[in-house]
Amino acid sequence: MDIERKHAELIDLFVKQAAVLDGPALAGLVLEVTSHPSLFAFSEILSVPNLAKLEGTQYSSSLDVLRLFAYGTWGDYRSNAGSLPALSSDQVRKLKQLSVLTLAETNKVLRYNQLMQELDVSNVRELEDFLINECMYAGIVRGKLDQLRTCFEVQFAAGRDLRPEQLNNMIQTLSNWLDTSDNLLYLIQEKIKWADTMSEATKKHRKEIEDKVEEVKKSL
Amino acid sequence: DNSLLRQVSSLLRRLPAMESEKFQDDFLMEFNDTLLMTYLAMFTNC
Amino acid sequence: EADAIYYYDEAAQAKFQQEKPWAHDPNFFRRVKISALALLKMVVHARSGGTIEVMGLMQGKTDGDTIVVMDAFALPVEGTETRVNAQADAYEYMVDYSQTNKQAGRLENVVGWYHSHPGYGCWLSGIDVSTQMLNQQFQEPFLAVVIDPTRTVSAGKVEIGAFRTYPQGYKPPDEPVSEYQTIPLNKIEDFGVHCKQYYALDITYFKSSLDCHLLDLLWNKYWVNTLSSSPLLGNREYVAGQISDLAEKLEHAENQLAHTRLGSFLLPSQRKKEHEESQLAKTTRDSSKITVEQVHGLMSQVIKDILFNSVRH
């Protein structure tokens, strides 16, 4: 979670700036935010009221870009390139980094060919350089590149901004986990009780046998 | 708290921790080995 | 005052050294306090030896009937069980180390030696007893510590014992039975002959405020290692060794019982039969002990599997 710690300062800075800017200055801020090499979270900035005011103005494309960086992928940009402004190289790199995070949300093992297709990368070398230099060194993912099976095994991936509809899914997963853990605790307690009962029964049985041995010895 | 949501989302994504076939095979093998040992120990007791 | 124990009172130690209270009471020293640093260094050193016995020295002081171990250092010698007194090889090293320490301001003296028994438990063998007796003649106060690195991993806690020997010919009063432990068949003779010549001391540990801080920083790493390791996998070789030792003991007991059955028509020696039974009873206990450890290992795997592998999102 150190990635979140790094984010916190940057987010604070940009949220404060966004709160006092409007129109062209705000568009400039969106460009800065979506080009910043260490920032991969945008929902706090997106929720600043001034941003919503851009809707319907000549700067509404900046708002669309910020939404794209908060929730979208490079693939989304490609299929909507006509209605979105051209992206700088920094923005393209960042959107591709965010796309890796989105792919890592559903799979732990990312196939090279899927990644190359999703990120518009032409060869394995370029892909591995991107994953190492732009993703692992940036601290947004940790994992292992498996050349033999041409896949990237993700051990850790930073969380992306959540779309509102994802919240229920997350709550559902957490409550499943909670139920599983509670059930496990209950099972363990049951087992402990069972073991205690069995141990009492065994002790009682052993006592009966010893008493019987004593009796037989006396009668002999 | 968006930061917390992102952290929870990152954590949940790591579940299930292990789901490969090989893991299941190894796990069941360990299970059977231990059951066999328990059985043998019970014999030794008897 | 948590760190007060780390202060070395040279005058008090010298006075204690002159009075020699241990000379009148073979059981004078009853407790040992080991610092977290010394414990870690000894366990890491013992683990690094693998299946070879290693040894080293401990530095510290005395505090009434307690020997306080502040630090430890390894000796550049090979296995102890195969050599009469491995320390002999390292006298020069020991003297240099101790003198250099004093020059560096570390005033503690050597208060004992430690060595490892990989996989066969913490007790003193015949060679250990004679080495310790020698040490207690010329280097008092002196403590013998034994660590079993293999069982440390399997039991998930440090398998360690601290001992002092009785003077030659001394008859100790009946000892309270210490915690039961499995002695391998090929060591049982050695264990049996000498187990009355020494006694175990109670061991407690202490750490400084700095240790607390450093160990707290390592807490996450410790937890990740604990959750991601399994004694079932890490101890395979050790368990296999235990089971083959068990099989040997069962064969041994079977031969003896067969032999006794023959002999029982001639010599109804109840005592001999009892001996076999207690031997057989011990073997049964060993088998239960190994199995319980395996079942514990499996239980933790099953719990982790349910907790971390059954939830899908």
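Conditions tested, residue by residue: (1) within 14 Å of chain B (Cβ to nearest Cβ); (2) on the phi > 0 side of the Ramachandran plot; (3) assigned to a helix (DSSP H, G or I); (4) among the hydroxyl-bearing types (S, T, Y).
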{"position": "C:K196", "(1), (2), (3), (4)": "no, no, no, no"}
{"position": "C:H213", "(1), (2), (3), (4)": "no, no, yes, no"}
{"position": "C:N225", "(1), (2), (3), (4)": "no, no, yes, no"}
{"position": "C:S244", "(1), (2), (3), (4)": "yes, no, yes, yes"}
{"position": "C:L250", "(1), (2), (3), (4)": "yes, no, yes, no"}
### Message
Just to be sure before I move on: is C:Q294 within 14 Å of chain A (Cβ to nearest Cβ), assigned to a helix (DSSP H, G or I) and at pLDDT 90 or above in the structure I sent?
### Response
no
### Task
For residues that are more than 12 Å from chain B (Cβ to nearest Cβ) and farther than 15 Å from A:M136 by Cα, scanning just the stretch A:97-113, find the one that is surrounded by the most Cβ atoms within 10 Å (Cβ to Cβ).
A:Y112
#### Entry: Selection count, the stretch C:302-311, where residues are under 15 Å from B:E19 (Cβ atoms) and not in a loop (DSSP other than H, G, I, E, B)
6
### Query
If you go through the stretch A:53-62 one residue at a time, do you hit one that is outside any helix (DSSP H, G or I), more than 14 Å from every other protein chain (Cβ to nearest Cβ), of a type in the set (A, V, I, L, M) and in contact with a helix residue (DSSP H, G or I) (Cβ under 9 Å, 6 or more places away or on another chain)?
yes
## Note on the structure
(1) more than 19 Å from the chain's Cα centre (by Cα); (2) outside any loop (DSSP other than H, G, I, E, B); (3) more than 14 Å from chain B (Cβ to nearest Cβ) all hold for A:R67 apart from (1)
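Conditions tested, residue by residue: (1) among the basic types (K, R); (2) within 9 Å of chain A (Cβ to nearest Cβ); (3) outside any helix (DSSP H, G or I).
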position	(1), (2), (3)
B:V8	no, yes, no
B:L11	no, yes, no
B:M18	no, no, yes
B:T34	no, no, no
B:T38	no, no, no
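Pick from A:D179, A:D196, A:D129, A:D120: which is without any contact (Cβ under 8 Å) to a residue 60 or more places away in the chain, out of contact with any strand residue (DSSP E or B) (no Cβ under 8 Å at 6 or more places or on another chain), at the interface with another protein chain (Cβ under 10 Å from one of its Cβ atoms) and acidic (D, E)?
Of A:D179, A:D196, A:D129, A:D120, the one residue that is without any contact (Cβ under 8 Å) to a residue 60 or more places away in the chain, out of contact with any strand residue (DSSP E or B) (no Cβ under 8 Å at 6 or more places or on another chain), at the interface with another protein chain (Cβ under 10 Å from one of its Cβ atoms) and acidic (D, E) is A:D179.
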### Single unsatisfied condition, C:Y114 versus (1) crowded, with 17+ Cβ neighbours inside 10 Å; (2) among the hydroxyl-bearing types (S, T, Y); (3) in a loop (DSSP other than H, G, I, E, B)
(3)
### Query
How about the stretch A:11-46: which of its residues are within 11 Å of another protein chain (Cβ to nearest Cβ) and over 24 Å from A:A157 (Cα atoms)?
A:V15
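The values are calculated or read from the model by the stated rules, or taken from the named source; none is laboratory data. These figures come from a predicted structure and were not determined experimentally. We place every Cβ from the backbone using ideal geometry, glycine too, and count neighbours over all the protein chains shown.
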